[in-house]
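Dropping the structure in here first, questions after.
Values quoted throughout were computed directly from the atomic coordinates according to the rules given, and no laboratory measurement underlies them. Because the structure is predicted, anything quoted here is derived from the model rather than measured. Using ideal geometry, Cβ is built from the backbone for each residue, glycine included, and neighbour counts are taken over all protein chains shown.
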């Protein structure tokens, strides 16, 4: 096992723990939610481009499937999010806090399991790029971007007094 593989494994474990923690804790709803997904996406794309690895048709197909699954799961997480009012403060302009809770964590683990399964099949078919750190970060970014979009949309509807469906306020 080379250093790159160990680094990818370490990064994967770190991301799993971090996202798991964030799924179960209350976080202010606001524009800063875009920061992590955008950073992960940009680093993922830069890593893929900088790797020099060729992107085969199998890699593209696997990446497309992973992105669709990741984005769909992100939307589901956004729908599952619970909201509660946030006390006004000078530190943030957010009016709401949200979390997806244990169901969000379960969906996150589902994304990871599907990704691992697709990677195993893709590698058996000759793919190489699909297991790279860049692809991992890109798939994570897709999940987080869609999740944030749904949560911000729902929070905006809460601000307008429009029902946002269940579950909502805690």
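Report the Cα centroid-to-centroid distance between the range 110-162 and the range 9-84 in angstrom, as an integer.
First find each Cα centre; the distance between them is then 4 Å.
Once the Cα atoms of helix 35-51 and of the chain are each reduced to a long axis, what angle between those two axes, in degrees from 0 to 90 to the nearest 10, is obtained?
The two axes meet at around 10 degrees.
Separate question: For the chain, calculate the relative contact order in percent as a whole number, restricting contacts to Cα pairs under 8 Å that are 6 or more residues apart.
39
Moving on. Taking a spot 7 Å from the Cα of residue 61 along the direction of its beta carbon, which residues of the range 106-121 have an amide N less than 12 Å from it?
Residues 121 fall inside that zone.
Still on this structure, please answer the following. Per DSSP H run of n ≥ 4, the term is -39500 (n - 2.57); total these for the chain, divide by its residue number, and report the mean residue ellipticity at 222 nm rounded to 500 deg cm²/dmol.
Using -39500 (n - 2.57) per qualifying helix, the result is -23500 deg cm²/dmol.
While we're here: If you line up the long axis of helix 101-124 against the longest principal axis of the chain, both from Cα atoms, how many degrees apart are they, to the nearest 10?
20
Using a 10 Å cut-off on Cβ atoms, rank the peptides 93-106, 49-62 from the highest mean neighbour count down.
93-106, 49-62
Taking R0 as 35 Å, what FRET efficiency do you get between residue 95 and residue 68 from their Cβ-Cβ distance, rounded to the nearest 0.05?
Efficiency, rounded to the nearest 0.05: 0.60.
When you count, for each residue, the other Cβ atoms within 10 Å and take the mean per peptide, how do 73-83, 134-144, 34-44, 13-23 rank with the highest first?
My ranking of the peptides, most packed first, is 134-144, 73-83, 34-44, 13-23.
Sticking with this one: Working out 0.36 nm times the residue gap between residue 51 and residue 6, then minus their Cα-Cα distance, what length gain in nm do you get to one decimal?
This chain segment gains 14.6 nm when fully extended.
If you line up the long axis of helix 133-160 against the longest principal axis of the chain, both from Cα atoms, how many degrees apart are they, to the nearest 10?
20
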